[in-house]
Number of protein chains: 2
Amino acid sequence: MIAEIIAVGSEMLTPYRQDTNSLYLTERLNESGIGVAFKTIVGDNLDHLTSAARTAIQRADIAVFMGGLGPTQDDLTREAVAAALGIELKRDHNLVAEMYKRFAERRIQMPENNSQQADILQGAVVLPNAKGTAPGQWLETVVDGKARIIALLPGPPHELQAMWESECAPRLREKVPPAAIASRILKVAMMGESAVDQRAAPIYKKHPNVETTVLAGQGQVELHLRATAPTRDEAQAAVDQLAGELEDEFDDAVFSAQGESLEEIVSYYLQMRNVKLAVAESCTGGMIAERITTVPGSSRSFLGGAVVYSNQLKTLFADIPPLMIEAHGAVSKEVAVALAENIRELCNADIGVGVTGIAGPGGGTEEKPVGLVYVAVTNGHKQDVVQRRFFGDRERVRRWTSQLALDMVRRMLM
Amino acid sequence: MIAEIIAVGSEMLTPYRQDTNSLYLTERLNESGIGVAFKTIVGDNLDHLTSAARTAIQRADIAVFMGGLGPTQDDLTREAVAAALGIELKRDHNLVAEMYKRFAERRIQMPENNSQQADILQGAVVLPNAKGTAPGQWLETVVDGKARIIALLPGPPHELQAMWESECAPRLREKVPPAAIASRILKVAMMGESAVDQRAAPIYKKHPNVETTVLAGQGQVELHLRATAPTRDEAQAAVDQLAGELEDEFDDAVFSAQGESLEEIVSYYLQMRNVKLAVAESCTGGMIAERITTVPGSSRSFLGGAVVYSNQLKTLFADIPPLMIEAHGAVSKEVAVALAENIRELCNADIGVGVTGIAGPGGGTEEKPVGLVYVAVTNGHKQDVVQRRFFGDRERVRRWTSQLALDMVRRMLM
């Protein structure tokens, strides 16, 4: 059984935008034991879209369309798939009524063109959209004597993903024989890709039954492990065995053994140990706070802190003596440590973090070049401070710095 | 004249890897006045690749294949394109001799399978590869009475790009009447996609010579305009004319007329007006500060601020009286206004921003549901405060709230 993913939207045929939904969807399809044989990207053009739909329906058992389900005149996926199949669209009046109700609840008048979202392929099931207005569609049909599954999903990633989990995955499980694929994602902080691979390769090569992919991110390297076996238990055992050996090799550099993000892990440890955190950030400009507060429930352990971007605010919010800045510079070990210690005390937190550095592209000197950062973490008894020089652009320096700070908090909590 | 780009390689059908060459190639094709109508990604499978080649040759004037030209058994592009066209491959013995010579110079014996790289489509021109071993191919032919250009290019980006510039671009200039494409991106803040389209459609429909795409982001809608004309000036004039009419319609809701992000625009206005900004964020947890400091040079106008996630920090860093929180709740208009006023005064800033709300998923009540936010912006004379209820998950609420706050700052600066 093979699948084709069709991403719909003219913006993805410009030099500026790319389909990324298909990565998520490929992973989900693979988990169901289905390989993706084709991906097609097509614009908001009825002829082109109909041609792409016709091709996909002919060559793939499962055709998943993403995007083009909205209320605008550009949203043509419904129409194109109907044309490719030679069937009619029927307007679902219950769905239209629901839409009117939804708009009324928000005290907004529904624009007329919104009702085209209720045009349904003959024989298709409507998939409710928990995160947006455009409903999806699921059609099981026969084309030229061959069984076909056709799914129409919305383009925005959070809508697509929610709809896949709740509506599509269960339907697919009924149609496709259960495949036994198990996977794990290990994440290693603050190491380069080749350094990780050099130590990991001798281990994963001894497990040819597990497919291992090494993937570099910003401030982390991910090891994706995946095994196929006659049963789920066997697949899981193969993956777990290799994951265990890799965790032994990398020891506490592995921060995640189930794919969690670093901020999720830090939040989890903070809550488990009932520890309160406060941060004083200069060059990261709020990124550390922002990342931690991404995690639901982080308010139980994250108090907040200060974005001390200017020197004046370093003094105002974190009691940094102007004389210290004069003597050592704002980007210095002394200031980082004082930021961490002072923010901890001022906020009555258990752990304090202080960050200062030069994110660039301007502001660097011979002595203190762009990319130089100091990160300090303290719990009142123990104090860690690290000097690093990161290379690359502003975003990369800031991202790696926030990663370093979160990893230092994690290590202090272990 | 339309093009299809076909990226060949099974790794791009996994959840971990993506085609990126097509972004480069799209830009180059657009510069030659050629739009990309389809992109196809297909694996190293002869049947699938032949099917993709057949489809592309049938529906596009120009089909550019990237990848699958190497010496291994997985490299099947030549074979598949020959099969799709129903023509033969002929081994170019001069090319084979050159390869032997190249290997001899490096004192390596050439593996036998390398010579398949010299298998040339009947009638094709060989494109030398200045950066690698696999030569490209360029075929101008007629299929079903229609003129077709077929290019076979290597997958590694630096090889592909060098070959395009030196071999393909000049050939294309001879075949394609000179045309130029101009584009503009307008961005509208804090409106829904259908509301924007309802007002924009009557305008852009009067300009059928400009292709307009409406694209919803988080807290913004983008209007992508693109025109093709015989000269660059004519294309630019067509796009500018429509952009002007759309700007008149949406007035100051248009925050960007050249594709800039909202944080870039806010940073630009702050610096132009020499205005200092400070923020006090609760539910956005540092996102506003983080977005502003993404912009290089933002330190000249952004002082910093406080992430007042806990009530205790609202009092500590923004002088919010505990009695005010008791009387109105932390999520209230009163607290938002006090955060903005106090952070402005404390930091000696010109503009102060205060944000409080319930990002969810927990923490909502009947009276104050998840998604309720208050944003206040003050310059000491004028004070704006907005209550909104955003729908969706935690990330969406936070993102829209930061967008609202930045847009309010922008409006105060205008």
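The values are calculated or read from the model by the stated rules, or taken from the named source; none is laboratory data. This structure is a prediction, so every number in the text was calculated from the model and none was measured. Quick reminder, even Gly has a Cβ in these numbers, built from the backbone with ideal geometry, and neighbours come from all protein chains shown.
If you go through the stretch A:76-91 one residue at a time, do you hit one that is at the interface with chain B (Cβ under 9 Å from one of its Cβ atoms), buried (at least 24 other Cβ atoms within 10 Å of the Cβ) and polar (S, T, N, Q)? Within the stretch A:76-91, not a single residue is at the interface with chain B (Cβ under 9 Å from one of its Cβ atoms), buried (at least 24 other Cβ atoms within 10 Å of the Cβ) and polar (S, T, N, Q).
So that you can scan it fast, the table gives a plain yes or no per residue for (1) more than 8 Å from chain A (Cβ to nearest Cβ); (2) surrounded by fewer than 24 Cβ atoms within 10 Å (Cβ to Cβ); (3) within 21 Å of A:G35 (Cα to Cα):
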residue	(1), (2), (3)
B:G9	yes, yes, yes
B:T14	no, yes, yes
B:A37	no, no, no
B:V64	yes, no, no
B:G67	yes, no, yes
B:G70	yes, yes, no
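Return a yes/no flag: does the stretch B:276-292 have any residue that is at negative phi and touching a Pro at 6+ places or on another chain (Cβ under 9 Å). There is no residue in the stretch B:276-292 that is at negative phi and touching a Pro at 6+ places or on another chain (Cβ under 9 Å). Of everything listed in (1) at pLDDT below 95; (2) more than 10 Å from every other protein chain (Cβ to nearest Cβ), the single unmet condition for B:R300 is (2).
Pull up the stretch B:256-297, narrow it to residues that are out of contact with any Asp or Glu (no Cβ under 7 Å at 6 or more places or on another chain) and hydroxyl-bearing (S, T, Y), then point me to the one that is farthest from the other protein chains (Cβ to nearest Cβ). So, considering only residues that are out of contact with any Asp or Glu (no Cβ under 7 Å at 6 or more places or on another chain) and hydroxyl-bearing (S, T, Y), the one farthest from the other protein chains (Cβ to nearest Cβ) is B:Y269.
Which residues, counting only those in the stretch B:142-155, are surrounded by fewer than 17 Cβ atoms within 10 Å (Cβ to Cβ) and more than 28 Å from B:E234 (Cα to Cα)? Passing the criteria: B:V142, B:V143, B:D144, B:G145, B:K146. The criterion of at least 2 residues that are surrounded by fewer than 23 Cβ atoms within 10 Å (Cβ to Cβ) is met, among helices (runs of 4 or more DSSP H) falling completely within the stretch B:212-311, by B:232-250, B:262-272. Residues in the stretch A:23-35 that are at the interface with chain B (Cβ under 8 Å from one of its Cβ atoms) and either crowded, with 21+ Cβ neighbours inside 10 Å or in contact with a helix residue (DSSP H, G or I) (Cβ under 9 Å, 6 or more places away or on another chain) (or both): A:Y24, A:T26, A:G35.
Conditions (1) in contact with a Phe, Trp or Tyr (Cβ under 8 Å, 6 or more places away or on another chain); (2) within 21 Å of A:V8 (Cα to Cα); (3) in a helix (DSSP H, G or I), marked per residue:
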| residue | (1), (2), (3) |
| --- | --- |
| B:E11 | no, no, yes |
| B:Y16 | no, yes, no |
| B:D19 | no, yes, no |
| B:S22 | no, yes, yes |
| B:T26 | no, yes, yes |
| B:N30 | no, yes, yes |
| B:V36 | no, yes, no |
| B:D47 | no, no, yes |
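Of the residues making up the stretch A:133-160, those that are more than 17 Å from A:I34 (Cβ to Cβ), out of contact with any strand residue (DSSP E or B) (no Cβ under 7 Å at 6 or more places or on another chain) and in contact (Cβ under 8 Å) with a residue 40 or more places away in the chain number 5. Can you pull out the residues in the stretch A:282-316 that are under 21 Å from A:G357 (Cα atoms), under 24 Å from the mean Cα position of the chain (by Cα) and charged (D, E, K, R)? Selection gives A:E290, A:R291.
Contact map, the stretch A:44-60: residues that are at pLDDT 95 or above and small (G, A, S) paired with residues that are assigned to a helix (DSSP H, G or I) and surrounded by fewer than 24 Cβ atoms within 10 Å (Cβ to Cβ), Cβ distance under 6 Å, separation 6+ or inter-chain. Pairs shown: A:S51/B:R59; A:A53/A:A84. Quick check on A:G132: is it farther than 22 Å from B:D197 by Cα and either surrounded by fewer than 20 Cβ atoms within 10 Å (Cβ to Cβ) or assigned by TED's automatic domain parsing to the domain that holds A:L23 (or both)? Judged against the criteria, A:G132 is not a match.
Yes or no, residue by residue, for (1) within 14 Å of another protein chain (Cβ to nearest Cβ); (2) modelled with pLDDT of 95 or more:
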{"site": "B:P321", "(1), (2)": "no, yes"}
{"site": "B:M324", "(1), (2)": "no, yes"}
{"site": "B:H328", "(1), (2)": "no, yes"}
{"site": "B:I343", "(1), (2)": "yes, yes"}
{"site": "B:V355", "(1), (2)": "yes, yes"}
{"site": "B:G364", "(1), (2)": "yes, no"}
{"site": "B:F391", "(1), (2)": "yes, no"}
{"site": "B:W400", "(1), (2)": "yes, yes"}
{"site": "B:R411", "(1), (2)": "no, yes"}
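Taken over the stretch A:61-74, residues that are modelled with pLDDT of 95 or more and touching a helix residue (DSSP H, G or I) at 6+ places or on another chain (Cβ under 9 Å) amount to 8. Scanning the stretch A:348-367 for residues being touching a strand residue (DSSP E or B) at 6+ places or on another chain (Cβ under 9 Å) and surrounded by 15 or more Cβ atoms within 10 Å (Cβ to Cβ) gives a total of 12. What about B:V370, is it within 12 Å of chain A (Cβ to nearest Cβ) and crowded, with 22+ Cβ neighbours inside 10 Å? So B:V370 fails the test.
Any chance the stretch B:168-184 includes a residue that's modelled with pLDDT of 90 or more, more than 27 Å from B:A7 (Cβ to Cβ) and within 14 Å of chain A (Cβ to nearest Cβ)? Yes, that holds for at least one residue.
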